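The values are calculated or read from the model by the stated rules, or taken from the named source; none is laboratory data. Treat the numbers as computed from the prediction; the structure is a model and nothing was measured. So basically every Cβ, Gly included, is an ideal-geometry build from the backbone, and we count neighbours across all protein chains shown.
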Amino acid sequence: MHIRLHKVKNNKGKGTMMSGGDQEPGHYYVGIDVGTGSVRAALVDQRGILLAFAERPIKKWEPQFNHHEQSSEDIWAACCHVTKKIVQGIDVHRIRGLGFDATCSLVVLDKQFHPLPVNHEGDSYRNIIMWLDHRAVSQVHRINKTKHDVLQYVGGVMSVEMQAPKLLWLKENLRETCWDKAGHFFDLPDFLSWKATGVTARSLCSLVCKWTYSAEKGWDDSFWKMIGLEDLIGDNYSKIGNLVLPPGTSLGSGLTPEAAKELGLPPGIAVAASLIDAHAGGLGVIGADVRGYGLVCEEQPVTSRLAVICGTSSCHMGISKDPIFVPGVWGPYFSAMVPGFWLNEGGQSVTGKLIDHMVQSHAAFPELQAKATARCQSIYAYLNSHLDLIKKAQPVGFLTVDLHVWPDFHGNRSPLADLTLKGMVTGLTLSQGLDDLAILYLATVQAIAFGTRFIIEAMQTAGHSLSTLFLCGGLSKNPLFVQMHADITGMPVVLSQEVESVLVGAAVLGACASGDFTSVQVMSLEEHLFILSHSEYSLTLFGTRSRG
Ligand SMILES: Nc1ncnc2c1ncn2[C@@H]1O[C@H](COP(=O)(O)OP(=O)(O)O)[C@@H](O)[C@H]1O
Ligand SMILES: O=C(CO)[C@H](O)[C@H](O)COP(=O)(O)O
């Protein structure tokens, strides 16, 4: 069976400015999404429709193997650049709110809010330890050996990608140049809302998901004492956050005059407590209105949906009314994504990054680039059409019969929760041509999709009842990636017609903070189906093919 594609609603105004000609003047909201590789901004209207979009790459450093760093100044400058672009030519006084989402990277500032170095070189421009940084291996092993109760709420095992091991690494390795001088440790989403408002409040999303904060009980002093970071308890946790707000809450007096000037927005507009990027994507898609398309999830509670946010990494977000403990899957986190629901977050630490790595490091990559450029196609569009040609000779299921990839090139986040795992490829031959590259690419995509199936099976075994996937993020623009997820999980995959769903999630935060909407979960349609504020959400549906 081939992919079926239904446009179910009009994508009015996409990519254009609302001119006021055929539309009533209304309110606008700005969403800013800081991914691993770039910053994106969008102008979104009251119906959740994206009117303008801009993107800018951000810098990354890898000074040593497994050390990944960024700069908060570089990221803020990119936020300003893209925001100025999307508001060009519009009446900025119609903008009512601003929301940020970002990767869960660790930003370090001194007591005067100046950047501090997180590296042995003492380069304070590089003041961010990125989420995928695996420098704190020894620290996370020691943290896990404590078997402290807070670990139950991160899948039973803390990940090296969370903040506690990174903080301990800074204390043990950069005591004088960083730790002793530090005044503020922020998750990147919270750094951005502080930069915009001057308010140091943290989002419940960041602190619950990455810092062991409990929505019900707050910080646990005994954990920080047990792991040797008792100094963070002082001054009522002022360095890591003592005012914790639900995502979408309006912060202080809104956008400061200084930040307003830098972003090209009016001062005083509402700025929301932020979300981690995967959670903004989850919020952007999980509540979509799918009535009328014959999907099994139409008759099921929202807890039957799994949002999969696929960019550099993939994050698998499933919600439940009661806490579900899934070994090796992060959470359960209360109210960290959808208010009032528990969240489990499965993940694969590198997916887009793995595909890019496999393709770019192959001997036939220069040939691929040259051929794709000659056809004005992206390398992935070219590879997908090349696979279509090969498939004419052999059915797709047979192409990778002898070639298998184990995708844990950066450890396994879920459900094995083992950072020491490595990647593998079996079935290699001496062939180095374009066919070989295309088939290796296919095997990599299939391996990632099997990884998703593995996570889903762990979640189902623990008590989730999942039936439908909702994909978003850069990889959801790749039809092969989407189709393999449908084939290999045996589940239908729903895509939004608005491909920038993560940004819609960020703008929903701004809309909520503005007071124009009462909650990020504003409309209750039926007892078990809700939609977010973007009620005209448009969908593209992909059919399911049977396994094998
Ligand atoms: N049109 C596309 N086709 C195939 N892959 C894509 C496409 N667009 C983006 N990607 C892949 O998606 C990944 C980046 O996704 P994105 O959501 O932008 O990442 P991040 O949020 O981590 O910065 C990269 O691996 C990139 O190669
Ligand atoms: O840990 C995560 C979410 O909890 C994400 O993997 C991290 O934020 C990076 O996201 P992306 O792959 O979209 O850049």
From the list 65, 53, pick out the single residue that is of a type outside the set (S, T, N, Q), modelled with pLDDT of 90 or more and surrounded by fewer than 18 Cβ atoms within 10 Å (Cβ to Cβ).
65
Identify, by number, the condition in (1) part of a loop (DSSP other than H, G, I, E, B); (2) surrounded by fewer than 23 Cβ atoms within 10 Å (Cβ to Cβ); (3) under 23 Å from the mean Cα position of the chain (by Cα) that residue 131 doesn't meet.
(2)
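Let's see how each residue does on (1) within 12 Å of ligand 1 (Cβ to nearest atom); (2) crowded, with 24+ Cβ neighbours inside 10 Å; (3) in the same structural domain as residue 515 (by TED's automatic domain parsing); (4) within 30 Å of residue 260 (Cα to Cα):
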| residue | (1), (2), (3), (4) |
| --- | --- |
| 291 | no, no, yes, no |
| 304 | no, no, yes, no |
| 320 | no, no, yes, no |
| 339 | no, no, yes, yes |
| 344 | no, yes, yes, no |
Of (1) modelled with pLDDT of 95 or more; (2) closer than 25 Å to residue 172 by Cβ, residue 250 satisfies every one except (2)
Note on the stretch 25-72: residues among the acidic types (Asp, Glu), within 25 Å of residue 92 (Cα to Cα) and either assigned to a loop (DSSP other than H, G, I, E, B) or away from ligand 1 (no atom under 16 Å from the Cβ) (or both) are 45
Of the conditions (1) away from ligand 2 (no atom under 14 Å from the Cβ); (2) part of a loop (DSSP other than H, G, I, E, B); (3) touching a helix residue (DSSP H, G or I) at 6+ places or on another chain (Cβ under 7 Å), residue 337 fails just one. Which one is it?
(1)
Picking from 278, 260, the residue that is within 16 Å of ligand 1 (Cβ to nearest atom), in a helix (DSSP H, G or I) and either of a type in the set (S, T, N, Q) or modelled with pLDDT of 95 or more (or both) would be 278
Quick count over the stretch 264-289, residues being outside the structural domain of residue 473 (by TED's automatic domain parsing), away from ligand 2 (no atom under 16 Å from the Cβ) and either in contact with a strand residue (DSSP E or B) (Cβ under 8 Å, 6 or more places away or on another chain) or closer than 14 Å to residue 508 by Cα (or both), is 7
Criterion: within 16 Å of ligand 2 (Cβ to nearest atom), in contact (Cβ under 8 Å) with a residue 40 or more places away in the chain and over 24 Å from residue 111 (Cα atoms) - qualifying residue of 249, 303, 312:
312
Out of the residues in the stretch 340-364 meeting the condition of being in contact with a Ser or Thr (Cβ under 9 Å, 6 or more places away or on another chain) and in a loop (DSSP other than H, G, I, E, B), tell me which one is farthest from residue 453 (Cα to Cα).
341
